[in-house]
1. Is it the case, given these coordinates, that Met156 is touching a His at 6+ places or on another chain (Cβ under 7 Å) and within 15 Å of the ligand (Cβ to nearest atom)?
2. Does Gly93 count as more than 9 Å from the ligand (Cβ to nearest atom) and either assigned to a strand (DSSP E or B) or farther than 20 Å from Leu32 by Cβ (or both)?
3. Test of understanding: among Arg162, Arg139, Arg143, Arg89, which residue is of a type in the set (Lys, Arg), farther than 20 Å from Ala16 by Cβ, surrounded by 13 or more Cβ atoms within 10 Å (Cβ to Cβ) and touching a Lys or Arg at 6+ places or on another chain (Cβ under 8 Å)?
4. Six or more apart or on different chains, Cβ under 6 Å: which pairs go from a residue in the range 132-159 that's in contact (Cβ under 8 Å) with a residue 24 or more places away in the chain to one that's among the aromatic types (Phe, Trp, Tyr)? Could you list them?
5. Step by step: first the residues of the range 141-153, then only those that are within 27 Å of Gly174 (Cβ to Cβ) and of a type in the set (D, E, K, R), then the one that is farthest from the ligand (Cβ to nearest atom). Which residue is that?
6. Residue check: is Ala40 surrounded by 19 or more Cβ atoms within 10 Å (Cβ to Cβ) and under 15 Å from Ala169 (Cα atoms)?
7. Being more than 15 Å from the chain's Cα centre (by Cα), within 16 Å of the ligand (Cβ to nearest atom) and either of a type in the set (A, V, I, L, M, F, W, C) or buried (at least 16 other Cβ atoms within 10 Å of the Cβ) (or both) is the filter here; which residues of the range 54-72 pass it?
8. Does any residue of the range 33-50 turn out to be under 25 Å from Gly122 (Cα atoms), touching a Ser or Thr at 6+ places or on another chain (Cβ under 8 Å) and modelled with pLDDT of 95 or more?
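The values are calculated or read from the model by the stated rules, or taken from the named source; none is laboratory data. Here the structure is a predicted model, which is why all the values come from computation and not from measurement. Reconstructed Cβ throughout: ideal geometry from the backbone, glycine too, with neighbour counts over all protein chains shown.
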Amino acid sequence: MPPAHGTVVLREFVDADVAVGLDLSTDPYVPLVSTLPPHATEDRAREWVEQNRARWPTGKGFSFAIADAGSGQGLGQIGLWLDELPHGRASAGYFVAPAARGRGRAADALTAATAFAWTIPGLARVQLHIEPWNTASVRTAERAGYQREGLLRRYMEIGGRRRDMLLFAALRPG
Ligand SMILES: CC(C)(COP(=O)(O)OP(=O)(O)OC[C@H]1O[C@@H](n2cnc3c(N)ncnc32)[C@H](O)[C@@H]1OP(=O)(O)O)[C@@H](O)C(=O)NCCC(=O)NCCS
């Protein structure tokens, strides 16, 4: 069974998800924190789909397409990254295409990805790094059961500027 929650299912990327890449690339923030360029061409969006597919066999983590549970239509992308698995930590990041926002899809996707994370042996926590202005992402994290742990000052460079990041985490139940 693929990971699922509420109205979404997480699945591997398919060719039709080029449309998701095209829509996501119109968001001002997404190109700063992903491999999509602003206002991607169809070729660049196709490359993005291929990159997401290629991450599966690398062991670096999972890049899922967020899809509507009924129609299977792509709505966004969510990654569960496992570079720090030897230390019991994973990190997650998510994007919902502008046309699909405002319906709690991101929280459903994060809930599904987090439940999936606990099927990976040795994982104690899943972390999110969120810029303080990003209220929609903070609400997504809270709705998926994540707790705010602190503010990491000038934590990373995004768009040519060091940015503060809120650290949120979910802990393995039990
Ligand atoms: C963050 C994101 C994934 C949320 O996706 P979504 O499925 O549309 O989420 P929703 O529209 O249900 O919004 C989640 C919550 O934020 C609230 N929200 C949305 N936009 C908001 C805004 N501009 N200001 C304040 N609150 C906002 C919603 O009301 C909702 O709150 P609720 O839980 O109290 O109902 C999506 O906006 C996105 O892809 N943004 C660009 C990429 C990004 O920032 N990713 C996260 C990186 S950490």
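1. Spelling it out, it is not the case that Met156 is touching a His at 6+ places or on another chain (Cβ under 7 Å) and within 15 Å of the ligand (Cβ to nearest atom).
2. no
3. Testing whether each residue is of a type in the set (Lys, Arg), farther than 20 Å from Ala16 by Cβ, surrounded by 13 or more Cβ atoms within 10 Å (Cβ to Cβ) and touching a Lys or Arg at 6+ places or on another chain (Cβ under 8 Å) leaves just Arg89.
4. Ala141/Phe168; Tyr146/Phe168
5. Among them, the one singled out is Glu149.
6. Answer is no for this residue.
7. Correct list: Ala69 only.
8. Looking through the range 33-50, none of the residues is under 25 Å from Gly122 (Cα atoms), touching a Ser or Thr at 6+ places or on another chain (Cβ under 8 Å) and modelled with pLDDT of 95 or more.
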